[in-house]
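The values are calculated or read from the model by the stated rules, or taken from the named source; none is laboratory data. This structure is a prediction, so every number in the text was calculated from the model and none was measured. Counting neighbours? That spans all protein chains shown, and the Cβs are built from the backbone with ideal geometry, glycine included.
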Amino acid sequence: MKEEKKKIQNNFIVAAGLLALFILYTVAIMFVDVQPIGPQGSSVGFAEVNQYFHTLFGVNMLLYSITDWLSIAVLFIMFGFAMVGLVQLIKRKSLFRVDSSILVLGGFYVLVFLAYLFFEFFVVNYRPVLIEGVSPFDFKQKIKEYSKCFLWYLCKFYGHWAGFIWCALVY
């Protein structure tokens, strides 16, 4: 019992630390080394580092397209789990009888969707590549990042190695 409490406490500390790093990174990308080096003269945070890696690796649109399509496959996995929850809700006739892991997953979906909406309306950064002549706003290519969140959940709570494989492919 005591070890379980300690484990939960450690997980909370790690999660809070990662949230703090995320906030610091988000603020830093808006203010540190911002230069108009992006497509169409758009400002880019950490410009020197971004320019270095862009010069080093360039742009590979084939890989870009492949990872975009793999990201969409994750949406089908999410839809599948949502259907499992809906079926349980219909069969068991009460939200309180739905498996707790499915309810936590649903709550996680809502939180990630709210984060997605936040960065949709509050633009932090733009994609480093022109897509059909436009530099779309995107914070670390949201769909790919949120896909990893969902797959991490599968790995963590359901013990599926398939999530790790998808993470590697999507990233």
Determine which single condition TYR158 fails, assuming it passes every other condition in (1) out of contact with any Phe, Trp or Tyr (no Cβ under 7 Å at 6 or more places or on another chain); (2) within 22 Å of PHE57 (Cβ to Cβ); (3) at pLDDT 60 or above; (4) hydroxyl-bearing (Ser, Thr, Tyr).
-> (2)
Looking at (1) without any contact (Cβ under 8 Å) to a residue 24 or more places away in the chain; (2) touching a strand residue (DSSP E or B) at 6+ places or on another chain (Cβ under 7 Å), can you tell me which one GLY38 breaks?
-> (1)
